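The values are calculated or read from the model by the stated rules, or taken from the named source; none is laboratory data. Treat the numbers as computed from the prediction; the structure is a model and nothing was measured. Methodologically, a virtual Cβ is constructed for each residue, glycine included, from the backbone with ideal geometry; neighbour enumeration extends over all protein chains shown. For accessibility, only protein heavy atoms count, side chains too; no ligands or nucleic acids. Shrake-Rupley method; radii C 1.70, N 1.55, O 1.52, S 1.80 Å.
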Amino acid sequence: MNTETNPSILSSISGFGIGVGDSDAAPQAAPEAGAEPQADSPVREVVIVGSGPAGYTAAVYAARAELKPLVIAGSLDAGGALMTTTDVENFPGFPEGIMGPELMTNMQEQAERFGAELVYEDAVRLQLDGEIKEIETESGEVHRARAVIIATGSAYRKLGLAREDELTGKGVSWCATCDGFFFKDKKLVVVGGGDSAVEEATFLTRFGDVTLMHRRDELRASKAMVRRAENDPKLTIMWNTEVTELHGENALTGLTIRDTVTGKTSQVEADGFFQAIGHLPRTDLVKDQLELDEAGYIAVQGRSTLTNLEGVFACGDVVDHTYRQAITAAGSGCSAALDAERYLLAKDDV
Ligand SMILES: Cc1cc2nc3c(=O)[nH]c(=O)nc-3n(C[C@H](O)[C@H](O)[C@H](O)COP(=O)(O)OP(=O)(O)OC[C@H]3O[C@@H](n4cnc5c(N)ncnc54)[C@H](O)[C@@H]3O)c2cc1C
């Protein structure tokens, strides 16, 4: 993840933001129920909201099934989370690794090759019940579809420190599984106090010495996780400690920390700084219509991508608080397209 800017990637990033495939998908007669039909708005088979690994994989499968999917790709975040990183070394099929934006451009082109259309706008309103769903984008256009796949991902909760964004990929990370490998024999700091923080910290001890910093004097993590942390000889816990500043020019070199009891500040060296303070699934558009689980992710039925509403499917990190990897998101995007295809076939058979 930590590399110089690659000009070929920059060109692929800028290429990524351009272009809108306008719709010439085959219009269909609108089934009776649902929202107020707009006279000139064709009813598509599938609209996919989101263009990360989940959305694009769903688009590849749906397009190859001749469903002519429309992907509402997002405006600023088109391509999803991997657009913000550099080396991706754990996506199968790329033995030398691949840059995040390049991987996403490949997925986009693969989806388009089979006929997926893309609109680089955010969805601003969804109406998901009834036979015909509506998806309104920021330009005011209302798209209609018999099935909708939600693949809006989740964001990492950030501490909000100055220079956090600038040093992302240069020592600042939110994902030990993704980036731990880049920090062999380095000094690592993890912040957080829950199960994920302990999991990230203990995972990272296979690469270097790790300090887990927590702003309170006990962890929120489960007893088993706390025991795991206490028994790990390469893990030190610093209680009542918060990070207030990040140091380093082109890469992270250290942190300013503050004792939350005494208020005293000091500096520590660090090559890697992992924030494990939670995730924010992007459910704003759907939270009043779709059931969410207790952690706020879209609830799906068993191993499927079916939500509580007929014809609405959800995949990727917006449903997944466990794995949160590009390959798992892609896998669930595939499932969502297959679920949508089966749903449409079953409807047509009735
Ligand atoms: C810095 C970084 C490095 C990472 N490195 C790795 C790695 O090395 N390996 C790995 O496996 N994983 C890595 N991950 C995790 C991986 O990126 C995610 O697990 C994966 O991208 C999730 O895919 P997704 O499609 O569910 O969501 P995302 O990739 O987050 O995509 C969500 C999509 O939804 C769109 N969207 C959201 N709201 C709207 C809206 N209202 N209208 C339209 N579109 C919308 C966004 O524009 C975006 O296209 C990394 C993540 C980050 C942040």
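Assorted remarks:
- Tilt relative to the chain, helix 100-113 - C-alpha long axis, 0 to 90 degrees, to 10: 10 degrees
- Lysines with Cα under 30 Å of residue 133, excluding same-chain neighbours fewer than 8 positions away: 68, 287, 347
- Which of 114, 313 is most accessible, then next, and so on - probe 1.4 Å: 114, 313
- Simple label model, 7 Å out from Cα along Cβ direction - residue 177 to residue 293, nm: 1.3 nm
- Residues 323, 156, 56, sorted by accessible area with the largest first, give 323, 156, 56 [1.4 Å probe; ligands and nucleic acids excluded].
- Remark: the residue 348-residue 327 segment gains 4.4 nm on full extension, using 0.36 nm per residue and subtracting the alpha carbon distance.
- Separation between Cα centres of region 125-161 and region 315-346, rounded to whole Å: 15 Å
- The Cα atoms of the chain cover 68, 44, 34 Å along the three principal axes, with the biggest extent listed first.
- Probe 1.4 Å, accessible area per residue of the chain, Å²: 49 Å²
- Max mean-square fluctuation residue, GNM over the chain, Cα-Cα springs under 10 Å, options 340, 147, 295: 295
- The calculated FRET efficiency for the pair residue 209 and residue 66, based on their C-beta separation and a Förster distance of 51 Å, comes to about 0.40.
- Per residue of the chain, the DSSP helices (runs of n ≥ 4 H) give a summed -39500 (n - 2.57) that works out to -7500 deg cm²/dmol at 222 nm.
- Under 20 Å between alpha carbons - lysine pairs in region 172-275 that sit 8 or more apart or on different chains: 4
- Region 220-350 - percent of accessible surface contributed by carbon and sulfur, probe 1.4 Å: 49 percent
- Using all pairs of distinct alpha-carbon atoms, the Kirkwood hydrodynamic radius of region 172-275 works out to 13.5 angstrom.
- Loop-located GluC sites (Glu not before Pro) in region 202-259 whose Cβ has at most 14 other Cβ within 10 Å (DSSP): 218, 249
- With Cα atoms, 0 to 90° folded angle of helix 53-64 axis to the chain main axis: 30 degrees
- For region 270-286, the residues whose amide N sits under 18 Å from a probe point set 7 Å from the Cα of residue 125 along the beta carbon direction are 284-286.
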